[in-house]
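Structure first, then comments.
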Amino acid sequence: MHMVYTVSITSQGQISIPTKVQKKLGIKKPGKAIMRVEAGKMIIESVKDLMELKGSLRTNKKPLSSNKLHEMFGEYLSR
């Protein structure tokens with residue numbers, strides 16, 4: 001069974017995900033999602049774990065070492 005909803009797109013290009021869809025997909029607010037385009041369709045997937053984002057975010061920055069990442073996370077938690 002397909003769920004079909006009409007959503008509004010704001011002047012900033014934002015859409016709201018209907019509450020029923022959020023609940024069905026387990027989307028938590030605030031949160032992150034992965035959006036991709038396949039065969040002319042926009043596909044949005046919920047992200048339950050930040051590690052799911054691995055490789056989906058493009059940047060020119062060098063990746064952080066595991067030690068540096070743990071150090072920065074520890075600093076964040078201490079704040």
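The values are calculated or read from the model by the stated rules, or taken from the named source; none is laboratory data. The structure displayed is predicted, hence computed values, not measured ones. Neighbour counts are summed over all protein chains in view; Cβ atoms, including those assigned to glycine, are modelled from backbone coordinates with ideal geometry.
Looking only at region 60-71, filter to residues that are among the basic types (Lys, Arg) and in a loop (DSSP other than H, G, I, E, B); which one of those is modelled with the lowest pLDDT?
Selected residue: LYS61.
Just checking, how many residues over region 10-59 are loosely packed, with under 11 Cβ neighbours inside 10 Å, at pLDDT 85 or above, at negative phi and not in a strand (DSSP E or B)?
Within region 10-59, residues that are loosely packed, with under 11 Cβ neighbours inside 10 Å, at pLDDT 85 or above, at negative phi and not in a strand (DSSP E or B) number 7.
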